Amino acid sequence: MPRYLQGWLKDVVENSMKRGYISTERRRPIYNIIERIMEFQRNNINSIIAEFKRNSPSGFSAEGDPVAYAKFMRNYAVGISVLTEEKFFKGSYDLLRSIADVVDIPILMKDFVVSESQVDSGYNLGADFVLLIVRVLTERELEGLIEYVRSFKMEALVEVHDKDDLDIALRCGAKLIGFNSRNLVTLEIDHDKQRELIASAPKDVIKVAESGIQSRDQILELKKAGADAFLIGSFLMREPEKIKEFI
Ligand SMILES: O=P(O)(O)OC[C@@H](O)[C@@H](O)c1c[nH]c2ccccc12
């Protein structure tokens, strides 16, 4: 049973537990996000994970053609993040499938994953790495789901927001850690706290800064703190061309 939650997080996790299983055949190889980030670093290219997101509980909303967005971003991004959560982010499994059909770079299934069945669906639809959020899982569930994700040769992006989350992620063997500047309970953003947490993390994990990134200056500051990659949604949904400045 996931952790005790209230408000929208409780609602979204209850929906996750009822989510239908997609039994389709996977139609693409696995693309390794950690290797691609390291390749970008060797070539002095900033690793941007471009997110396709139509809505968020923090008030963002955008239209946009997922296939056109993905076809454009695959020329610049280290990976594509696809929201598959339906109620609060207006995502879907169909979005993941249609983007997976047109890109040959790593794809993140961005959802509130609490079950192996969701991981199965993500693999079948073509995801290469899967978001696991420390805040909604018990430590045992997190450990088990990381192992299950890796049993498919996919990787887990383990999302943290504070020091306790980071300690749990490290104890569970996370190798790719997302540092969300946004508190998923209060929806408030704290960039200073995010930079401090990134700087406190071990050198040998790949650190992904998430949320509220809108400028190259922010990327350079996060890089100085130790971030290896940058997950950007709202800003690139509004101004996709800006990725050319960010890389
Ligand atoms: O739109 P932004 O501020 O660039 O944020 C993107 C991404 O970090 C955000 O969508 C996100 C981070 N962690 C999540 C967990 C679930 C859903 C969404 C998210």
Point to revise | For Asp165, net neighbour charge (Lys/Arg +1, Asp/Glu -1) across residues whose Cβ lies under 10 Å away | key: -2
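Residues with beta-carbon under 9 Å from that of Lys110, excluding Lys110: net charge, scoring Lys, Arg +1 and Asp, Glu -1?
After counting each charged neighbour, the total is -2.
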Revision key, fill the gap. Quick calc: nm separation of the 7 Å Cα→Cβ label points for Glu14 and Lys153 -> 4.0
Review point. From the cross-link list Lys163/Lys224; Lys87/Lys175; Lys207/Lys242, which pairs have alpha carbons spaced over 28 Å apart?
Key: Lys87/Lys175
Check your understanding: Between Asp94 and Asp65, what is the spin-label point distance in nm, taking each point 7 Å from the Cα along the Cα→C-beta axis?
Key -> 1.7
Exercise for review: Sticking with the crude label model, points 7 Å out along Cα→Cβ, report the distance from Glu86 to Asn32 in nm, one decimal please.
Suggested key: 3.6
Point to revise | Loop-located trypsin sites (Lys or Arg not before Pro) in the stretch 96-153, at most 13 other Cβ atoms within 10 Å (DSSP) | key: Lys153
Revision key, fill the gap. Counting Lys and Arg as +1 and Asp and Glu as -1 over every other residue whose Cβ sits under 13 Å from the Cβ of Lys87, the net charge comes to 0
Review point. How long is the gain from Asn43 to Arg238 if the chain were fully straight, where each residue apart is worth 0.36 nm and the alpha carbon distance is subtracted?
Key: 67.5 nm
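If you place +1 on the Cβ of every Lys and Arg and -1 on the Cβ of every Asp and Glu, how big does the dipole about the Cα centre of the stretch 1-107 come out, in debye to the nearest 20?
160
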**Study point:** Carbon + sulfur, % of accessible area of the chain - ligands and nucleic acids excluded, 1.4 Å
**Key:** 47
**Study point:** Farthest positive-ward along the stretch 108-152 dipole, Cα basis, beta-carbon charges - from Val119, Val149, Val134
**Key:** Val134
Practice item. Between Lys224 and Arg171, take the C-beta separation as r, use R0 = 30 Å, and let me know the FRET efficiency to the nearest 0.05. Key: 0.65
Review point. Dipole magnitude of the chain about its Cα centre, charges +1 at Lys/Arg Cβ and -1 at Asp/Glu Cβ only, in debye to the nearest 20?
Key: 340
Point to revise | For the chain, share of DSSP beta bridges that run antiparallel, in % to the nearest 5 | key: 5
Check your understanding: Roughly how many whole Å is it from the C-alpha centroid of the stretch 94-131 to that of the stretch 202-242?
Key -> 21
Practice item. Could you tell me which of rounded, prolate or oblate describes the stretch 1-154, using a ≥ b ≥ c as the square roots of the eigenvalues of the alpha-carbon gyration tensor, with rounded for a/c under 1.5 and, failing that, prolate when a/b is larger than b/c and oblate otherwise? Key: prolate
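The values are calculated or read from the model by the stated rules, or taken from the named source; none is laboratory data. Predicted model only: the values in this text are computed from it and were never measured. In this analysis, Cβ positions are derived from the backbone assuming ideal geometry, glycine residues included, and neighbour counts consider all displayed protein chains. Ligands, DNA and RNA are excluded from the accessible area calculation, which covers all protein heavy atoms including side chains. Shrake-Rupley method; radii C 1.70, N 1.55, O 1.52, S 1.80 Å.
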